[in-house]
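First the structure, in the form of structure tokens, and then the observations on it.
The values are calculated or read from the model by the stated rules, or taken from the named source; none is laboratory data. Small disclaimer: the values here were computed from a predicted structure and weren't measured. Reconstructed Cβ throughout: ideal geometry from the backbone, glycine too, with neighbour counts over all protein chains shown.
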Amino acid sequence: MNTPNATFDPAPFRARRARLFERMQAAGGGVAILATAPERVRNRDTHYPYRHDSYFYYLTGFREPEAVVVLVAGAAPKQILFCREKNEEREIWDGYRHGPEAAREIFGFDEAWTIGDLEKRLPDTLADQPLLWTGLGYDNDWDVRVLGALNAVRDKARSGLTPPHSVRDLRAELDEMRLVKDASELATMRRAAQISAAAHCRAMRATAPGRFEYEIEAELLHAFRQAGSPYPAYPSIVASGANACVLHYVGNESRMQDGELLLIDAGCELDGYASDITRSFPVNGRFSGPQRALYELVLAAQAAAQGATRPGAPWNEPHDAAVAVLAQGLLDLGLLRGSLDGVLENGDYRRFYMHRTGHWLGMDVHDAGEYKVGGEWRPLAEGMVLTIEPGCYVRPADDVPEAFWNIGIRIEDDAVVTAGGCELITADAPKTVADIEALMRHARHG
Ligand code: GLY
Ligand code: MN
Ligand code: MN
């Protein structure tokens, strides 16, 4: 962000910092320190597009690089931001910087200092605190800075100051908080989902035999950017024909052929939140018999998983529901042999369905949060957001009917767990055979 943020509402971020204080207090108090992501060089003097650290953003809403948040829990809690200083010369070249004064005001901190003051101020902040909360082991430079500050307090022992007696994993604490989205997060995720769904519609309308996968990727990027998204939440997959059986295909360089399916896995990032949608549809607008048979099967598997997504259900239940439907369908179509119990037991279905049915979704496309707690699958709870994305990928093989070769299908929606079950926030992207064929027919014939 290199413009002033005039409409920023600090309330949700302050509420998160308050909740973190409660959690820290319950565990013994102390000080939390967290840095945002560094800028990274792409080549020579060109940088990758800057993306803040998700944890840091979650607590601050602050998107400039070179920033650190320090949260002092206890009887006199204090929220401190360190950020780049105002610098007229640099701002001419790189754009607006809030500077500590404006940042403190706009982002709702008690104090703000320039980032250059961090080393000097940190030892005093850490002194006589019982615990230090931070994320260690993710970034060497950060680890060195934090340990340097700890050692600086140890050096003051003769003045009667004591360093924190142990270091706690701040990220683990924030992971738990991030799992359940608050109202402002859900509002942003809904908007991101709508933009991505509209992008998928645009991509479907633009698809035709003879066009290149990258032309369709360009349609997606156009729709994202035009709606205010700065970039996709992950590299877009636009995979026609056999490419759809490569799970992380991102080359997007083939010419699409009549009779193939096109699998698109693409979602925008909006205000720091991801969306993640996959649709699979015929390049020529009409499903063939075998394509349709497998497509309906994956759709039924998705419906089963959706039905199993509700508060209290263990994380694995939607996956198990999808696998049971897929395995039975693959037996019925002659792609698998044996009994349902047999293929579920021996895992033969994994030849055609080798990934999980979903993941947490939030600021990161594969969002933070453990899937097991105390060795058991975590129960779903209202406000969690996850994807539901079963698929089926058939590579050519002697024991597989040729009609199914090179068909790769995935159908992916983003689900918010609600009191009564779940809500798909990406439903605007068509996915029944009838709806897809109708949209593509209209695109061709008006
Ligand atoms: N697009 C990444 C995923 O579906 O997990
Ligand atoms: Mn996904
Ligand atoms: Mn995806």
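Residues in segment 216-255 that are under 17 Å from A199 (Cα atoms) and among the polar types (S, T, N, Q): Q226, S229, S236, N252.
Scanning segment 76-96 for residues that are surrounded by 14 or more Cβ atoms within 10 Å (Cβ to Cβ) and either in a strand (DSSP E or B) or modelled with pLDDT of 95 or more (or both) turns up K78, Q79, I80, L81, F82, C83, R84, E85, K86, E91, Y96. With over 23 Å from A198 (Cα atoms), out of contact with any helix residue (DSSP H, G or I) (no Cβ under 9 Å at 6 or more places or on another chain) and away from ligand 2 (no atom under 16 Å from the Cβ) as the only criterion, which of D258, D332 stands out? None of the others qualify; the one that does is D258.
Here is a yes/no grid of residues against (1) within 16 Å of ligand 2 (Cβ to nearest atom); (2) under 16 Å from V283 (Cα atoms):
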site	(1), (2)
R395	no, no
I407	no, yes
D413	yes, no
I425	yes, no
P430	no, yes
A434	no, yes
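Among the candidates T134, T125, T188, the residue that is among the polar types (S, T, N, Q), modelled with pLDDT of 90 or more, touching a strand residue (DSSP E or B) at 6+ places or on another chain (Cβ under 8 Å) and under 28 Å from K431 (Cα atoms) is uniquely T188.
Rundown of residues vs (1) under 30 Å from M384 (Cβ atoms); (2) without any contact (Cβ under 8 Å) to a residue 40 or more places away in the chain; (3) assigned to a loop (DSSP other than H, G, I, E, B); (4) among the aromatic types (F, W, Y), yes/no style:
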{"residue": "T162", "(1), (2), (3), (4)": "no, yes, yes, no"}
{"residue": "V167", "(1), (2), (3), (4)": "yes, yes, no, no"}
{"residue": "E173", "(1), (2), (3), (4)": "yes, no, no, no"}
{"residue": "M177", "(1), (2), (3), (4)": "yes, no, no, no"}
{"residue": "S196", "(1), (2), (3), (4)": "yes, no, no, no"}
{"residue": "R202", "(1), (2), (3), (4)": "yes, yes, no, no"}
{"residue": "I216", "(1), (2), (3), (4)": "no, no, no, no"}
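Residues in segment 220-255 that are away from ligand 2 (no atom under 16 Å from the Cβ) and within 21 Å of Y50 (Cβ to Cβ): 8 in all. The single condition among (1) within 20 Å of R14 (Cα to Cα); (2) touching a residue at least 24 places away in the same chain (Cβ under 8 Å); (3) part of a helix (DSSP H, G or I); (4) not hydrophobic (A, V, I, L, M, F, W, C) that H52 does not satisfy is (3). Of all residues in segment 354-372, those satisfying the criterion of being away from ligand 1 (no atom under 14 Å from the Cβ) and more than 14 Å from N316 (Cβ to Cβ) are M363, A368, G369. No other residue among F21, F13 is assigned to a helix (DSSP H, G or I), touching a Gly at 6+ places or on another chain (Cβ under 6 Å) and either over 25 Å from V180 (Cβ atoms) or touching a residue at least 24 places away in the same chain (Cβ under 8 Å) (or both) apart from F13. Within the span defined as segment 245-255, one or more residues are under 25 Å from the mean Cα position of the chain (by Cα), part of a loop (DSSP other than H, G, I, E, B), hydrophobic (A, V, I, L, M, F, W, C) and under 25 Å from E402 (Cβ atoms). Looking at segment 335-360 only, could you name the residues that are among the β-branched types (V, I, T), touching an Asp or Glu at 6+ places or on another chain (Cβ under 9 Å) and away from ligand 2 (no atom under 16 Å from the Cβ)? Residues satisfying the conditions do not exist here.
The listed residues are R378, R350, R356, and the only one of them that is more than 16 Å from ligand 3 (Cβ to nearest atom), among the charged types (D, E, K, R), modelled with pLDDT of 95 or more and closer than 21 Å to D265 by Cβ turns out to be R350. Exactly one residue among V394, V417 is more than 30 Å from L336 (Cβ to Cβ), away from ligand 1 (no atom under 16 Å from the Cβ) and touching a strand residue (DSSP E or B) at 6+ places or on another chain (Cβ under 6 Å), and that residue is V417.
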